[in-house]
Structure formats: structure tokens, C-alpha cells
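The values are calculated or read from the model by the stated rules, or taken from the named source; none is laboratory data. These numbers come from a predicted model, not from an experiment. Cβ: placed from backbone, ideal geometry, glycine included. Neighbour counts: every protein chain shown.
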Amino acid sequence: MDLILAGLVVTLFFILVLPLFKLYGKNKFIHKCIDVLPGDKWYPLVGSSYSLLRTPVEDRWDAMSQKHSIFGPIYRSWYGPKPSVHIYKPEHIQKLLKSQTQIYKGKNYQAFTSWLGQGLMLGGGDYWRRHRKIIRPAFYAAILDSYMDIFIKHAENVVDVLDKHVGDDCVDIFPYLNQCALDIIAETAMGVKIDFLKNPSSEYPQAITNYALLAVKRMFHPIGQNEFLYGLTEDAKHMKMNLDIIQKFNKKIIADRKLLYQQNKADEFHDSDSKKNLTFLDLLLSYQESDNFTDEEIAEEVNTFMFGGQDTTSLTVTYTLLAIGNHPHVQKRLQEEIDSIYNGQERPVTSDDFSKMEYMERVIKETLRAYNFVPYISRSLVEDIEIEGLVIPKDVSVVVSLYDLHRDPDIYPEPEKFDPDRFLPEISAKRHPYAYIPFSAGPRNCIGQNFGMKNAKTVITYILRRYNVTCLEKPEDIKKSYEIVLKPQSGLKVRLERRH
């Protein structure tokens with residue numbers, strides 16, 4: 001018994017105590033470097049995250065979004081024992097994001113690695129560079145154009161569902177847009193027609209939401225920074241349960257598609273014209289032979305595409321409708337542009353139509369500025385960086401607040417005003433190149449941004465060709481939930497009226 005107890009003590013020492021001593025030595029130096037910056041009071045082990053932990057979940061984003069207003073353009077924080085420096089000025093951001101070496105995601109993203117692995121979203125170094133190079137052709141224009149029929153089909157599906165709510169005093173449009181986006185992603189990414197829009201009770205989308213909420217909760221909790229301790233919590237059990245649902249779903253789809261690919265391993269899978277009709281998963285499977293892409297790597301990238309693509313589309317459309325539903329003159333002008341392209345007909349949208357949607361382009365850009373649903377991006381430093389004379393040492397995460405960047409009155413006068421003409425070419429040309437970066441910038445910019453924009457424009461066009469949209473809530477009254485992206489806590493309540 002004594003030997004068992006002694007063994008347990010030694011094990012706990014190596015799991016808990018020794019790492020803390022090592023961390024203390026490293027953090028002592030980091031403290032010396034960054035404690036000159038303002039920030040919330042720091043406490044051992046819990047860092048400064050206590051201020052967020054004691055804030056009700058529904059108010060947490062409101063508290064997070066005020067930090068730069070309180071502490072200024074550069075401040076520091078500690079999430080448990082992990083240090084971060086926060087910035088939002090474009091000249092500071094450029095120095096970080098344009099770097100070819102500072103390409104490692106911030107350590108706060110580690111909460112998502114059990115699902116996303118080391119794919120394009122979370123990977124770093126040569127592993128990430130290899131994946132980026134291999135996957136880039138999957139987002140070429142010809143490939144994206146081949147998805148148009150899928151975009152159109154599901155845009156038609158969502159307006160058919162919304163037709164049932166015409167004349168209702170109120171409809172929450174957000175769940176429908178979310179389900180539509182998931183249908184599009186599932187079909188373009190994996191070639192599966194699941195129809196979440198008509199079968200919303202599916203456990204898969206709910207598992208994604210649950211996992212994201214638990215991962216964000218873990219990011220800010222001191223215990224979440226230790227793999228062993230976190231594994232003992234109820235949250236860890238719930239996270240694994242949701243992860244099992246996600247992985248079971250994806251593994252079956254990938255296995256079925258791989259079998260189909262192997263059965264049709266003819267030249268058609270390698271012919272350049274045929275490739276235009278392949279799903280994202282098909283393209284990854286074709287890389288297995290030429291680039292030694294493993295099954296695990298394929299799963300990582302499919303999961304990443306599913307996770308990132310769904311929110312990009314659904315939230316772009318949601319917040320665009322929030323904006324124009326509160327600004328009838330913008331909606332009217334946008335509908336006039338759409339009508340001039342389609343002459344009152346509901347013909348299918350084509351890729352060529354997008355080049356004529358100049359005002360829609362500006363409306364979406366202003367939406368992504370005013371309602372920046374990706375509020376933060378971060379990098380874990382692999383070498384020291386100097387900002388404003390301050391040397392920030394390696395191993396610190398630098399958090400870029402896109403939320404504050406896009407609301408900086410020095411860059412965007414009257415930032416609370418919704419004005420698409422901020423993005424007229426002659427006005428945009430006068431801004432700092434890093435003053436508007438909703439899809440990040442530099443070598444790690446979002447590889448799927450054109451996919452998301454074409455997808456969103458298609459859905460918006462179908463909705464505005466058919467309906468006038470009136471929002472029943474003001475933008476400032478909508479509380480947001482931070483789930484890596486910002487989602488409206490209570491959806492988006494609108495009134496729909498048929499135009500014709």
C-alpha cells in the first residue's frame with residue numbers, strides 16, 4: 001500500500017508540480033517583460049481570467065469587448081498561466097501578421113485540437129505550409145464555380161421554408177440560415193445530402209454547437225489549461241460525448257466516399273475538367289497518392305472546412321440581414337441593384353452575376369466591419385517581437401482585436417453608423433493596408449474567403465429578390481455569445497413581406 005501511495009505521489013509530482021515549477025521559471029521572465037502594460041490584476045494560477053469567470057455567461061462578450069476601451073491600444077492578460085498581449089492598431093497588426101515565421105496560432109485555440117487536429121486552422125510550421133500548398137488548388141475559381149448549383153439549390157430551399165412565415169408577426173431566421181449553411185457545407189465538403197434544413201433535430205449540428213461552447217469555456221478557465229486536471233471535469237466528459245458524435249458522423253462519410261473513390265479510380269478523377277465537379281473531400285482523396293496525404297490529415301481538413309465554412313456563411317447572411325433590416329434605404333438600393341441584374345426574374349444566380357453586384361460587395365464589407373463576427377485572431381510567438389518599443393518575448397500569445405480595429409474612429413469616423421460607401425474604391429485606397437482584415441491577412445489569411453463570399457451572395461440574392469426584410473430588434477439590443485465567432489444569443493427576429 002505504501003508503495004502504491006508513493007507511486008501516486010511521484011506521478012502527481014511529475015504531472016502537476018514539476019510542470020508548474022518549469023512554468024514559473026519561464027513566466028517569471030515573461031512577467032518582467034509585459035507587466036509594464038496595463039491589464040486586469042493578475043493572481044497566481046488563475047491569472048487575470050477571474051474577471052471573466054465571475055461574469056455571467058450571457059454578459060461575457062460585453063465584458064470582453066470593453067477591455068481595449070479600458071486599457072488602451074496595448075494591454076496584457078493571463079488566462080491561467082498563459083500570457084497574452086492584446087493589440088488592435090493596424091501598424092502593430094501588420095508587423096505581426098505579415099511575418100513568415102510568426103505563423104503559429106495562439107495557445108488559446110488548443111481547446112479545439114481534439115476535434116480539428118493540426119489542420120489549416122490550428123497547425124503551424126512546415127506541417128501547416130505543406131497543407132496550405134496542397135489544399136490551395138481546392139479553392140481556385142473553377143472549383144468554386146462548380147459549387148454554384150449546390151449554393152443555388154440550398155438558397156432555393158431556404159426561401160421555400162421562409163415562405164411559410166410570410167405574414168407572421170415574427171420569425172427567427174437565424175436557425176434556418178444556420179441549417180442552410182450546414183447543408184451547403186456538407187454537400188460541397190463531403191458530397192452528402194443531409195437536409196438539416198428540413199430535419200433540424202439531427203444531433204450532429206447540435207454536437208458542433210455544444211463542443212464549441214465547451215471549448216470556449218475551457219479557454220478561459222485555469223483548470224482548462226492543464227490536460228490532466230481538465231480530463232477529470234464533467235465538462236471534459238460532455239466534450240468527449242459531443243466529439244464522439246461529430247467524429248462518428250464524419251468518419252462514416254469519409255470512409256464511404258473513400259470507397260466510392262477507389263471504385264472509380266479511373267482517369268476521370270484526375271482529369272482537370274472532371275476535378276471541377278468533385279467535392280472538397282474528393283480532392284483531398286486525390287492528394288493521397290500524389291502528396292502522401294494520410295487519412296488523419298484528410299479528417300483534419302474536412303473537420304476544419306465544416307467548422308469554419310458553416311459559420312462564415314450563416315453569420316455573414318445573418319448580420320447582413322440585421323443591417324439592411326434596420327436600414328431600409330440600404331435594402332432598397334440593394335434590391336434595385338439585384339433587380340437590374342435579374343429584371344424581375346428568379347433565374348439561377350451565376351458567378352458572372354457577382355461582378356455586377358458592386359453595391360452588395362460594399363454592403364457585405366460594411367457588415368463584416370460593423371458586425372465583425374470573428375472578433376479576435378491570435379499568434380503564439382516563436383521569436384521576440386518589438387511593438388512600440390516594447391519587446392514581447394517568444395511563447396507569449398499576441399491577440400489581435402479585429403473588433404476594435406474595425407471600430408477605431410481614427411480609421412472609420414462614426415464607427416457605429418452603417419455606411420456601405422466607406423468601401424468605395426477611392427475611399428478604401430486611402431486606408432492602411434491592415435485597417436480592414438475580416439479574413440485575417442498575411443500568409444495565414446483565410447483560404448476559404450471566396451467560397452464564403454460567393455455562398456453568402458447567392459443566399460442573400462435569393463432572399464432579397466423575394467422578400468422585404470424588417471428587423472424587429474436594433475443592432476445594439478442584440479446580445480452576442482462568444483463561441484470563437486459571435487452569434488446572436490436569441491437569434492434574429494424579422495418580419496418578411498413578399499415583394500411580388
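For LEU232, state whether it is of a type in the set (A, V, I, L, M), outside any helix (DSSP H, G or I), free of Cβ contacts under 8 Å to residues at least 12 places away in the same chain and out of contact with any Cys (no Cβ under 9 Å at 6 or more places or on another chain). Taking the combined requirement at face value, the residue satisfies it.
Considering (1) of a type in the set (Asp, Glu); (2) surrounded by 22 or more Cβ atoms within 10 Å (Cβ to Cβ); (3) without any contact (Cβ under 8 Å) to a residue 12 or more places away in the chain, the lone condition that ASP311 does not fulfil carries the number (3).
Summed over region 124-137, the residues that are within 18 Å of GLN288 (Cα to Cα), surrounded by 12 or more Cβ atoms within 10 Å (Cβ to Cβ) and either within 19 Å of the chain's Cα centre (by Cα) or modelled with pLDDT of 95 or more (or both) give a count of 4. Inspect region 395-410 for any residue being touching a strand residue (DSSP E or B) at 6+ places or on another chain (Cβ under 9 Å), surrounded by fewer than 19 Cβ atoms within 10 Å (Cβ to Cβ) and of a type outside the set (A, V, I, L, M) and give the result as yes or no. There is at least one residue in region 395-410 that is touching a strand residue (DSSP E or B) at 6+ places or on another chain (Cβ under 9 Å), surrounded by fewer than 19 Cβ atoms within 10 Å (Cβ to Cβ) and of a type outside the set (A, V, I, L, M). May I ask you to verify whether SER290 is within 18 Å of TYR147 (Cα to Cα), assigned to a helix (DSSP H, G or I) and modelled with pLDDT under 85? Criteria not met by SER290.
The set of residues from region 347-406 being of a type in the set (Asp, Glu), in contact (Cβ under 8 Å) with a residue 12 or more places away in the chain and either at positive phi or part of a helix (DSSP H, G or I) (or both) comprises ASP353, GLU358, GLU361, GLU366, GLU388, ASP395, ASP404. Scanning region 175-221 for residues being of a type in the set (Gly, Ala, Ser), surrounded by 21 or more Cβ atoms within 10 Å (Cβ to Cβ) and either in contact with a Ser or Thr (Cβ under 7 Å, 6 or more places away or on another chain) or farther than 16 Å from ILE253 by Cα (or both) gives a total of 4. ILE152 passes every criterion in (1) under 20 Å from GLU300 (Cα atoms); (2) touching a Pro at 6+ places or on another chain (Cβ under 8 Å); (3) among the β-branched types (Val, Ile, Thr) apart from (1). So for region 450-460 (the condition being assigned to a helix (DSSP H, G or I), within 16 Å of the chain's Cα centre (by Cα) and of a type in the set (Gly, Ala, Ser)), does at least one residue qualify? Checking region 450-460: at least one residue is assigned to a helix (DSSP H, G or I), within 16 Å of the chain's Cα centre (by Cα) and of a type in the set (Gly, Ala, Ser).
Restricting SER114, SER99 to residues that are in contact (Cβ under 8 Å) with a residue 60 or more places away in the chain and outside any helix (DSSP H, G or I) narrows the list to SER99. Among the residues of region 199-224, those identified as farther than 22 Å from ARG60 by Cα and hydroxyl-bearing (Ser, Thr, Tyr) are SER201, SER202, TYR204.
Scan region 47-65 and give yes if some residue there is at pLDDT 95 or above, assigned to a helix (DSSP H, G or I) and among the hydrophobic types (A, V, I, L, M, F, W, C), otherwise no. Checking region 47-65: not a single residue is at pLDDT 95 or above, assigned to a helix (DSSP H, G or I) and among the hydrophobic types (A, V, I, L, M, F, W, C).
Selection of region 362-386 for residues being among the β-branched types (Val, Ile, Thr) and under 29 Å from PHE423 (Cα atoms) yields VAL363, ILE364, THR367, VAL374, ILE377.
Each residue in region 140-195 was checked for being aromatic (Phe, Trp, Tyr), more than 20 Å from LYS487 (Cα to Cα) and either touching a residue at least 40 places away in the same chain (Cβ under 8 Å) or assigned to a helix (DSSP H, G or I) (or both), and 2 of them qualify.
Just one of the listed residues (GLU476, GLU414) is surrounded by fewer than 20 Cβ atoms within 10 Å (Cβ to Cβ), more than 18 Å from the chain's Cα centre (by Cα) and in a helix (DSSP H, G or I), namely GLU476.
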